[in-house]
Amino acid sequence: MTDRGVSTGTGASITDAVVEEYRAGLRGRLLRPGDDAYDEARQLWNGMFDRQPAMIARCVGAADVVRAVNFGREHRLLLAVRGGGHSFPGHSVCDGGLVIDLSRMRGIRVDPVRRAARAEAGVKWIDLDHETQAFGLATTGGTASDTGIAGLTLGGGLGWLSSKYGLTVDNLISADVVLANGRLVTASATEHADLFWGLRGGGGNFGVVTSFEFQLHMVGPTILGGMVAYPLGQAKEVLRFYREFNKAAPDELTTYAAFVTPPGGETVIALFCCYSGSVDQGEEVVQPLKVFGPPAQDQLGPMPYVALQQILDEGFPAGSSYYTKGDFLADLTDAAIDIFAEAAATKPSPLSGVLVQTVRGAAGRVPSDATAFAHRRLPYAPVIVSQWREAADAQKNVAWARDFGKALERVAGGGVYVNDLSHDDMDRVRAAYGLNYERLAALKKKYDPDNLFRLNPNISPAP
Ligand SMILES: Cc1cc2nc3c(=O)[nH]c(=O)nc-3n(C[C@H](O)[C@H](O)[C@H](O)COP(=O)(O)OP(=O)(O)OC[C@H]3O[C@@H](n4cnc5c(N)ncnc54)[C@H](O)[C@@H]3O)c2cc1C
């Protein structure tokens, strides 16, 4: 048999025989170019990237992950780690090298008495919500149900419940992690507490998490949620109203502003809400939103929590190409509002949009150095997301996001959400970790001194 040779992604060399020996020791599958499932397994949610890894290890348990990390380290392979596959910069698949694919690790165990859930690292929010809502429980998760719990949690985790219950990382009880040296450890407030701090916002720099344990809360199953929408022409007055409304809102309410274009329709400014307390109280709290304007569309009312968790899914289909520019803002100033309104009015694709998420209430009261997620005092997290389907449309959509990203940087508070970085934003990594960068660099030196895990918003090990 001819040795196909293996592209390690780092210039090191490795033979087929070595790969076959590795394959034999796995419980999950090892996929290589030409294998039937290889092309499907290397696809990313962001269709902008078409990468060709030498190997994809479809891990089915921690033992496979340990083996993959050891194999990668010993043979100097470029490593990518894949949870839900929704990384904007496409970091979860590499060219050459080895993908540690956790997408088959989907086990979840809910403990309704302790109000806690342990979930494996390939779980998506739609899975976790399904299991926890069976007991009327939930934890803060992102706004698209197809995203993975892994990447989202490791970046911080902004979601509909974050004003009331904090970011996803504020609800992390513990995580099992395979370190660069191949050891499996548990990180929590009492075990490897320094690692636990770094995992909560450190962007996957310290090891491969095999499972997460989350604190759950009584939520739903029916909450008050949905959206009100106004014509684009009213965008500036709506956002100024939203700014004041948000300042007085109780923690139970999380409201995001978004410029979206429904299929075949006109672009609108929408205010999406989740009130996680009682529906009756929620009706009262959101009343000002229903009379201001008044809105052209009012779809704000009692709904299943899981339906709210999926409300934005259709707008972000897998396989489209995506490019982002994000920032944090200390306030929704008139200057920022002008930028959003102009961006929405000039977007080159109806699929593109602007989403303004928030870090307020419980999420905003956590000290900025209590977890690796630093930007607790910058309450608005806008992200400009351009989306297109044809390669010919790439340039104008990327240029649009870049132009408005630059404009936004001039009025921004000096940080960016680590999970909103695009592939050409890696010079903003320090800004993403903010005041916690030096401490993270020291932690990187301790847990991953050779930077084995570097396909991420990468922290250089401290000298
Ligand atoms: C449509 C959409 C909506 C979003 N909405 C929100 C939102 O509301 N709130 C929010 O906070 N974020 C949001 N995000 C950003 C999201 O958090 C990131 O894209 C996140 O990286 C997705 O996680 P994933 O597991 O699907 O990604 P993946 O691509 O699988 O992973 C991303 C990166 O995380 C690291 N990683 C993944 N799994 C592991 C692991 N087990 N161990 C170590 N490192 C790992 C790797 O570096 C990997 O490259 C959204 C993204 C999209 C695409």
In region 37-163 the DSSP beta bridges are antiparallel at a rate, in percent to nearest 5, of 40
For region 244-384, the Cα-Cα pair-distance distribution in 5 Å bins from 0, as whole percents, is 2, 8, 16, 20, 21, 18, 11, 4, 1, 0
Rg from C-alpha atoms of the chain, normalised by the globular rule of thumb 2.2 N^0.38 Å, equals 0.96
Taking every other residue with Cβ under 10 Å from the Cβ of residue 182 and scoring Lys and Arg +1, Asp and Glu -1, one gets +2
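What number, rounded to the nearest 500 deg cm²/dmol, is the helix-based mean residue ellipticity at 222 nm of the chain, given -39500 (n - 2.57) per DSSP H run of at least four residues and division by all its residues? Spell out each step's value before the answer.
Working: 15 runs with 136 residues, N = 463.
Dividing the helical sum by the residues of the chain leaves -8500 deg cm²/dmol.
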Here region 1-150 gives, from Cα atoms, an Rg and Dmax in Å of 16.9, 58
Cross-link reach from residue 445 to aspartates and glutamates, straight Cα distance under 14 Å and at least 8 residues apart if same chain, gives 194
Excluding residues fewer than 8 positions from residue 124 in its own chain, the lysines with Cα under 21 Å of it are none
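Taking K and R as +1 and D and E as -1, what net charge do the other residues with C-beta under 10 Å from the C-beta of residue 164 add up to? Please list the in-between numbers first.
Details: positive: none; negative: 251, 252.
Charge balance in the 10 Å sphere: -2.
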Placing one equal point scatterer on each C-alpha of region 192-311 and summing with Debye, one gets log10 I(q)/I(0) at q = 0.11, 0.14, 0.20 Å⁻¹ equal to -0.50, -0.71, -1.03
Of 390-396, 371-377, 411-417, ordering from highest average Cβ density within 10 Å down gives 371-377, 411-417, 390-396
The alpha-carbon pair-distance distribution computed for region 1-45, with 5 angstrom bins and whole-percent values, is 5, 18, 23, 28, 21, 6, 1, 0
The Cα extents of region 59-120 along the principal axes, largest first and rounded to whole Å, are 45, 28, 15
Spelling it out for residue 8: with amide H atoms placed in the peptide plane at 1.01 Å from N, the residues 5 or more places away or on another chain with amide H under 5 Å from its amide H are 97
Computed over region 356-408, the relative contact order (Cα-Cα under 8 Å, seq sep at least six) in percent reads 31
Expressed in nanometres to one decimal, the distance between label points 7 Å along Cα→Cβ at residue 287 and residue 237 is 2.2
One point scatterer per Cα, no solvent, Debye formula: log10 I(q)/I(0) for region 337-449 at q = 0.14 Å⁻¹ comes out as -0.67
Heavy-atom accessible area per residue of the chain, all protein chains kept, 1.4 Å probe, expressed in Å², is 38
Place a point 7 Å from the Cα of residue 24 in the direction of its beta carbon; the residues of region 46-60 whose amide N falls under 12 Å from it are none
Most packed first (mean Cβ within 10 Å per residue), the peptides 165-177, 450-462 order as 165-177, 450-462
Over the Cα atoms of region 402-463 the radius of gyration and the largest Cα-Cα distance (Dmax), both in Å, equal 13.0, 39
For region 80-227, percent of DSSP beta bridges that are antiparallel (nearest 5) comes out at 90
Given unit charges at Cβ for Lys, Arg (+) and Asp, Glu (-), the dipole magnitude of the chain about its Cα centre in debye, nearest 20, is 900
The set of residues whose placed amide H lies less than 5 Å from the amide H of residue 86, leaving out same-chain residues fewer than 5 positions away, is 148
Residues other than residue 337 with Cβ under 13 Å of its Cβ, Lys/Arg counted +1 and Asp/Glu -1, net out at -3
For residue 290, counting only aspartates and glutamates whose alpha-carbon sits under 14 Å away and dropping same-chain residues fewer than eight positions off, the answer is 298
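Of all the accessible heavy-atom surface of the chain, with the other protein chains kept in place and a 1.4 Å probe, what percent is carbon and sulfur? Kindly include the intermediate steps, with their values, before the conclusion.
On the way: 9030 of 17540 Å².
About 51 percent, which is the carbon plus sulfur part of the accessible surface.
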For region 436-452, in residue order, the Karplus 3J(HN,Hα) values (coefficients 6.51, -1.76, 1.60; θ = phi - 60°; whole Hz; Gly and Pro = x) are 8, 4, 4, 5, 5, 5, 5, 5, 4, 4, 6, 9, 8, x, 9, 6, 4
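The values are calculated or read from the model by the stated rules, or taken from the named source; none is laboratory data. Since this is a predicted model, take the numbers as computed values, not measurements. Every residue, glycine as well, gets a Cβ built from its backbone with ideal geometry; the counts of neighbours run over all protein chains shown. Side chains are part of the model used for accessible areas, which takes the heavy atoms of the whole protein and leaves out ligands, DNA and RNA. Shrake-Rupley method; radii C 1.70, N 1.55, O 1.52, S 1.80 Å.
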